[in-house]
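Have a look at this one.
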Amino acid sequence: MTKKIDPFQRMLLIIIVVYSVFVTIKNPGFFQIQTVFDIIKTSSTTMIVAMGLLVVMISGGIDVSFMAIALFGSYTSLYIMIQTGINNLAFAFVVSMAIGIVLGLINAVLISWLKLPPFIITLGTQNLFHGIMTTFISDKSFGSGVLPECLHKFGQGTLFKVATANGSTGLTVSLIPVLIAGLATYFILRKTMIGRGIVAIGNDEESARRAGFNPFKIRLFVYAYSGALAGMMGIVYAAQVNALYPNKMVGDELMVVAAVVIGGTKITGGQGKIFGAVLGVLITYLLNSTLIMIGLSSSWNNLFVGAILVIAVAITSYQERVKNRKHLIFTE
Amino acid sequence: MKKKFLSVVLSVAMAATLLVGCGSTSDNSSSDTQTPAAEESTDAAADSTDAAADNKGADPADYKVVMVVKQSDSWFDDMATGIEQLKKDTGLNVSVQVPETGDAASQISIMEDLIAQDVDAICVVPNDPNALVPTIEKAREAGIVVVTHEAPGIADSVDLDVEAFVNETFGELFAEKLATAMGGKGKYAGFVGGLTMETHMAWYDAAVSYLKANYPDMENVAEEPYEDGNSVEGAHDKALEVLKAYPDIAGFFDCSAQGGGICEALQENDLGGTVKVVSLALPSMSATYLKDGSMANGLCWRPADAGYAACYAAYLIASGQGVSDGTDLKATGYESISLDGNVGYGNAPLEFTADNIDDYNF
């Protein structure tokens, strides 16, 4: 990516390393390959939607409906598969992503047409999509017994396995969709005209329009892309938990927004890095999955995670201010 | 201009869906509007109690009872089928309200709605019992009967709390099953849905103290239970962490019905069946794990029967017939409840193994 790693990301890396060292000192059991594999697996779903959200946020918008889209897409496609007995993983992904694209386009059309803040629109569609699903499709939960076999295979699948002290552990196949999402996002943002358009309308829509970009078309693309990734994530999620619930995922979107913002994406648009978003997601997962390691009891959960997140954001924003001052930019 | 108007209309509509989304689907069946005046004189039972019997008789069709469950999942789906059955059996005007999210706030807003509608009785399975007390008091001041399930701790604030069994006994059953599966020795960890979930905590405490007293070779790895947040994903992620922090762990018990997540985590590490799992379980969600051996035992009570019994008890109280020691709540395991203060205990624990799991289809 960039030749020189920017201070923002360097700071995040330092926080990750320092925190990991701290946990290792408290509990040497943290320092092993299994930890890496576990974090890759548990953070994979968030990584995928974080990529979609990143693109939306760079374009100057925001999407808080992606979890509802993920749920709608995965629930509907798997519901069809359960009812008809189709046992094909590609079918699950294609249907779920197609639904995601359609719902994303609805978001984009509403935003462009109504000229309302994307936050309000997507907050509304989040409830709308979820409501449509539970009302018109189904609101039953399905256990592992009735789900398509291929889904469980995918969820439990590993690229390779390593023996551990008392069993074995493997690198999850869920890494593949994450890589696809990451590479596609990189390609779009860096190598295509539409990617330049996304950054341009995020910085200033009017200037972008005068430069010849069509903000409406770009917005259509951006929300459809976010929807497609959400649909993909939904299937990965269902495969990992090996159960289908009509009410999961929705409600967790702000954690993803936080992760992307921690990764240095400007909430006003025009700026954001894939690597930053990845680091942001990693930090939130690292914090959430090491409490047992350092021996904190459950009642500490929120206090601890909240405190570290605030500190991380404070440090990174301080860095940003120092950098801006150096360049004689005074934003506050 | 036209666009502006449209945008206002649409945003209002959207805001409305937000509100409606968490709201109610009350079915005003027209049948309950006709309250025959004759009935008032025939039934004398009404004046014998303090309940809000107004001037209705004992005809179940005259009473509107609403069950507010914790959230939408297969457990409460089954409870809803039990309540459907009650409606069919007795003609009681009973329905179920499902909160969008599993927290106290959404239950409170549903209850506020029901108070405004002036229903006869509210049954509720509280997510956080103490948080609901002010709303429950408000409902009772409005003359509405409130019956809880899974909340013996706030029994003084309600008309009746219906329990499937004495919680300590059920917790000890968890402990006994886990000890048997683990051969009476080794490290174990306990999960609950959340630290504020009263019944989960009661089972957890009873199980831990039972194990401490009877199996000195078994050791609990943490002082507090771990929270799975009532989600399979939560149970899975926490189990992975526990496995790393305590590689010599030999058993898990989960007081929330998410033991499947622990089994998934064990299978990923090739530990399925080696590390024992005893969990609160629903046949539809746990059958595969019981059959492949990664879950040793599933414990349960029938949500359908509990919902049936709670709503029937609510009707008995609302109609002035009252509930006393030995009252028959018409559901399996609740044929003769034992009343302790405001808590009515049934005797309805269910135990699943690989052999009997197929006998249950909820």
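The values are calculated or read from the model by the stated rules, or taken from the named source; none is laboratory data. From a predicted model like this one, the values you see are computed outputs, not experimental measurements. Cβ atoms come from the backbone with ideal geometry, glycine included; neighbour counts cover every protein chain shown.
Going by what's in this entry, would B:Ala179 be described as buried (at least 23 other Cβ atoms within 10 Å of the Cβ) and free of Cβ contacts under 8 Å to residues at least 60 places away in the same chain?
So B:Ala179 passes the test.
So, one more: How do the helices (runs of 4 or more DSSP H) wholly within the range A:182-286 filter down when requiring 1 or more residues that are within 14 Å of chain B (Cβ to nearest Cβ) and at pLDDT 90 or above: which remain?
The helices (runs of 4 or more DSSP H) meeting that bar are A:215-241.
Shifting gears a bit: Check the range B:285-294 and report whether any residue there is crowded, with 23+ Cβ neighbours inside 10 Å, of a type outside the set (Phe, Trp, Tyr), assigned to a loop (DSSP other than H, G, I, E, B) and not assigned by TED's automatic domain parsing to the domain that holds B:Asp120.
Yes, some residue in the range B:285-294 is crowded, with 23+ Cβ neighbours inside 10 Å, of a type outside the set (Phe, Trp, Tyr), assigned to a loop (DSSP other than H, G, I, E, B) and not assigned by TED's automatic domain parsing to the domain that holds B:Asp120.
Next question, about the same structure. For A:Ser144, are the conditions met, namely being surrounded by fewer than 21 Cβ atoms within 10 Å (Cβ to Cβ), farther than 24 Å from A:Val55 by Cβ, of a type in the set (S, T, N, Q) and facing chain B (nearest Cβ under 9 Å)?
Answer is no for this residue.
Among the residues in the range A:97-112, are any in contact (Cβ under 8 Å) with a residue 60 or more places away in the chain, outside any helix (DSSP H, G or I) and either of a type outside the set (Val, Ile, Thr) or touching a Phe, Trp or Tyr at 6+ places or on another chain (Cβ under 9 Å) (or both)?
No; the residues of the range A:97-112 include none that is in contact (Cβ under 8 Å) with a residue 60 or more places away in the chain, outside any helix (DSSP H, G or I) and either of a type outside the set (Val, Ile, Thr) or touching a Phe, Trp or Tyr at 6+ places or on another chain (Cβ under 9 Å) (or both).
Which residues, taken from the range B:239-266, are more than 7 Å from chain A (Cβ to nearest Cβ) and more than 20 Å from B:Ser284 (Cβ to Cβ)?
Hits for the range B:239-266 are B:Ala239, B:Leu243, B:Tyr246, B:Asp248, B:Ile249, B:Ala250, B:Gly251, B:Phe252, B:Phe253, B:Ala265, B:Leu266.
Same structure, new question: I'd like to know if the range A:77-91 contains one or more residues that are closer than 17 Å to A:Met133 by Cα, within 20 Å of the chain's Cα centre (by Cα) and of a type outside the set (Ser, Thr, Tyr).
The answer is no; no qualifying residue exists.
Looking only at the range A:158-175, count how many residues are more than 10 Å from chain B (Cβ to nearest Cβ) and touching a residue at least 12 places away in the same chain (Cβ under 8 Å).
Counting residues in the range A:158-175 that are more than 10 Å from chain B (Cβ to nearest Cβ) and touching a residue at least 12 places away in the same chain (Cβ under 8 Å) gives 6.
Within the range B:90-133, how many residues turn out to be within 19 Å of B:Leu160 (Cα to Cα) and either of a type in the set (Val, Ile, Thr) or in contact with a His (Cβ under 9 Å, 6 or more places away or on another chain) (or both)?
The total comes to 11.
Conditions tested, residue by residue: (1) within 14 Å of chain A (Cβ to nearest Cβ); (2) modelled with pLDDT of 90 or more; (3) crowded, with 19+ Cβ neighbours inside 10 Å.
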position: B:Ser279; (1), (2), (3): yes, yes, yes
position: B:Leu299; (1), (2), (3): no, yes, yes
position: B:Ala313; (1), (2), (3): no, yes, yes
position: B:Ile317; (1), (2), (3): no, yes, yes
position: B:Thr332; (1), (2), (3): no, no, no
position: B:Val343; (1), (2), (3): no, yes, yes
position: B:Gly346; (1), (2), (3): no, yes, yes
position: B:Ala354; (1), (2), (3): yes, no, no
position: B:Asp358; (1), (2), (3): yes, no, no
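Also: What residue, among those in the range A:118-138 that are surrounded by 17 or more Cβ atoms within 10 Å (Cβ to Cβ) and touching a Pro at 6+ places or on another chain (Cβ under 8 Å), is nearest to the other protein chains (Cβ to nearest Cβ)?
A:Thr134
Residues are listed down the side, and each one gets a yes or a no for (1) without any contact (Cβ under 8 Å) to a residue 60 or more places away in the chain; (2) on the phi < 0 side of the Ramachandran plot:
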site: B:Asp103; (1), (2): yes, yes
site: B:Asp118; (1), (2): yes, no
site: B:Asn127; (1), (2): no, yes
site: B:Thr135; (1), (2): yes, yes
site: B:Gly153; (1), (2): yes, yes
site: B:Leu160; (1), (2): no, yes
site: B:Ala164; (1), (2): no, yes
site: B:Phe170; (1), (2): no, yes
site: B:Phe174; (1), (2): no, yes
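Residue check, B:Ala189 against (1) modelled with pLDDT of 90 or more; (2) within 14 Å of chain A (Cβ to nearest Cβ); (3) assigned to a helix (DSSP H, G or I), all met but one. Which one?
(3)
Take A:Ala92 and decide whether it is at pLDDT 90 or above, farther than 19 Å from A:Leu282 by Cα and within 14 Å of chain B (Cβ to nearest Cβ).
No; evaluated as a whole, the condition is false for this residue.
Something else: Counting just the residues of the range B:307-347 that are without any contact (Cβ under 8 Å) to a residue 24 or more places away in the chain and not in a loop (DSSP other than H, G, I, E, B), which one comes out nearest to B:Leu92 (Cα to Cα)?
Among those residues, the one meeting the criterion is B:Leu316.
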